[in-house]
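The values are calculated or read from the model by the stated rules, or taken from the named source; none is laboratory data. Just so we're clear, the structure is a prediction, and the values are computed from it rather than from any experiment. Counting neighbours? That spans all protein chains shown, and the Cβs are built from the backbone with ideal geometry, glycine included. Surface areas here come from the heavy atoms of the whole protein model, side chains and all, with no ligands, DNA or RNA. Shrake-Rupley method; radii C 1.70, N 1.55, O 1.52, S 1.80 Å.
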Amino acid sequence: MAAAGASASANAAEPVTQTIELPTLTADLSAQVAQSAAATQQAAANYELRAERDAAAAKAAAEAKKDLAEAKKKAEAKKKAAEAARKAAAERATRSSERATLSASTSASASTSVSAPSSGSVATVVAFLKAQVGDAYVMGATGPNAWDCSSLVQAAYKQVGVDLPRVSQDQSMAGTDVPLSSVQVGDILYWGGKGSAYHVGVYIGNGQYLDAANPSKGVVIQDLSGYPASGAVRVL
């Protein structure tokens, strides 16, 4: 019985020995779970930081691309403006040269055309007028790059020695009246009443006239049918 009792006591003590290590295992597992969670959180933080960096890089690249496009656009616009200015300067130089040549060529003939106007003097008047096409219209201007209607007509006839009055009202009274049905190249056209005309131009043939029209058009060639004149006078 003593042996049985000892055996029983021994058997009863075994479960206590087996459960002593359980708290240790649980503590290790908790530590592992905590480490795993910390590692996951760190990985998530790293991914988030990388994503932020990638987004910032993409945004910087997009802004750099946009800035480059704008810089190219501005450079192209500046290039076009410079080219336009160069062409305009070249055109002005050409026109100035043409006017100087025309003035030189007509000065010699002016003295003879004063007393005896001829078809050649009409051609000179028309040539002078056509050389001014594209000039600006400015009320009161008298050239060389801006005119009003009557100053342009006055300057054209001055090329052949004909001294016309300065304003359209007086110009409509100059020379000889001509029926509009019989108008010829070089005749002065006027709009409004004779002696009270508000606009003048010069007939250049083929149903057209040349005038310093208005601020929006400047010096142009126009169809007489689109704006019929009130009357005409002939001074050549």
Requested in this report: Provide the packing ranking of 137-143, 187-193, i.e. peptides ordered by the mean count of other C-beta atoms within 10 Å per residue, highest first.
Outcome: 187-193, 137-143
**Report entry** Anchor Lys217: lysines whose Cα lies under 18 Å away (excluding residues fewer than 8 positions away in-chain)
**Finding:** Lys130
Requested in this report: Pull up all non-local amide H partners of Gly231: gap of 5 or more, or a different chain, and H-to-H distance under 5 Å with H placed in the peptide plane.
Outcome: Tyr190
Requested in this report: State, to one decimal in nm, how far the label point of Ala81 lies from the label point of Leu68, with both points 7 Å from Cα in the Cβ direction.
Outcome: 2.5 nm
Query - Mean Cβ neighbour count within 10 Å, used as a protection proxy, ranking 173-181, 34-42 highest first - result: 173-181, 34-42
Report summary line: Here segment 50-63 yields Karplus 3J(HN,Hα) values (6.51, -1.76, 1.60; θ = phi - 60°; whole Hz; Gly and Pro given as x) of 5, 5, 4, 5, 4, 5, 5, 5, 5, 5, 5, 5, 5, 5
Requested in this report: Report, by chain and number, residues whose modeled amide H sits under 5 Å from the one on Val162, excluding near sequence neighbours (fewer than 5 apart, same chain).
Outcome: none
Query raised in the report: So, in Å, what gap is there between the alpha-carbon centers of segment 50-85 and segment 134-191?
Result: 55 Å
Requested in this report: Mind checking the full-extension length gain between Asp163 and Ser196? Use 0.36 nm per residue of separation minus the Cα-Cα distance, one decimal, nm.
Outcome: 9.9 nm
Report summary line: Distance in nm between Lys59 and Ser216 label points, each 7 Å along Cα→Cβ, equals 5.0 nm
Query raised in the report: Residues of segment 150-189: accessible area per residue at 1.4 Å, in Å²?
Result: 43 Å²
Report task. Could you tell me which of rounded, prolate or oblate describes segment 179-236, using a ≥ b ≥ c as the square roots of the eigenvalues of the alpha-carbon gyration tensor, with rounded for a/c under 1.5 and, failing that, prolate when a/b is larger than b/c and oblate otherwise? Result -> oblate
